[in-house]
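J.: Just passing along the structure, written as structure tokens.
Just so it is clear, none of the values below were taken in a lab; they were calculated from the coordinates. These figures come from a predicted structure and were not determined experimentally. Cβ atoms come from the backbone with ideal geometry, glycine included; neighbour counts cover every protein chain shown.
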Amino acid sequence: MAKHVRKATKTTYTITELAREFDVTTRAIRFYEDQGLLKPERRGRNRVYSKRDRVRLKLILRGKRLGFTLQETRELFDLYDSAPSGELAQMRYFLRKIRERRAILLQQRQDIEVVLSELDAIEKQCRQRLAEMGVAEDEAPAAPAAEAAAEA
């Protein structure tokens with residue numbers, strides 16, 4: 001994982017510096033720019049990213065890691081940018097999105113537990129059947145079992 005350590009006096013960054021710092025490709029950063037999430041200045045043919053762009057990239061990547069869509073991240077940025085009550089509106093929106101994301105993850109965890117239980121039951125049945133056949137697990141042919149599972 002890349003370390004996020006910068007000198008406090010640094011005010012601008014190149015695309016390469018940000019890519020290295022956050023362990024992303026320059027192509028990914030350009031994509032976020034194309035999506036309107038980052039707005040670097042242009043100096044000739046070079047992109048020059050501000051502290052604000054750096055913070056936004058950090059938030060984009062954090063949101064991605066937490067399962068937020070780019071549209072949700074854009075909405076957070078738009079709320080923040082929308083004058084005086086921007087931060088308050090942003091925090092309320094973010095709390096609502098966190099609750100929604102948590103509910104989705106809890107449901108997914110429950111779904112995974114159900115599937116794992118089903119796999120445990122099927123595995124137990126397979127082991128019992130092999131024992132009834134007098135065959136050790138490591139002696140059982142792998143391919144037919146895989147085909148039978150695929151057909152089920």
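J.: According to the square roots a ≥ b ≥ c of the eigenvalues of the Cα gyration tensor, what is the shape class of segment 62-105, taking rounded for a/c under 1.5, prolate for a/b larger than b/c otherwise, and oblate for the remainder?
T.: Oblate shape, in that a/c is at least 1.5 and b/c is the bigger or equal ratio.
J.: For S117, what is the net charge nearby, where nearby means another residue's Cβ is under 12 Å from its Cβ and Lys, Arg count +1, Asp, Glu -1?
T.: Overall, the nearby charge balance is -4.
J.: Work from the charge dipole of segment 39-99 (Cβ charges, +1 for Lys and Arg, -1 for Asp and Glu, about the Cα centre) and give the residue of N46, I98, L70 farthest towards its positive end.
T.: Most positive-ward Cα: N46.
J.: Something else now. Any idea what the dipole of segment 49-93 comes to, in debye rounded to 20, about its Cα centre with Lys/Arg Cβ at +1 and Asp/Glu Cβ at -1?
T.: 340
J.: Principal axes first, then extents: for the Cα atoms of segment 1-66, list largest minus smallest coordinate on each axis, whole Å, largest first.
T.: 35, 28, 17
J.: Charges only on Cβ, +1 for Lys and Arg, -1 for Asp and Glu: so what's the dipole of segment 1-66 about the Cα centre, in debye to the nearest 20?
T.: Here segment 1-66 has a charge dipole of around 180 debye.
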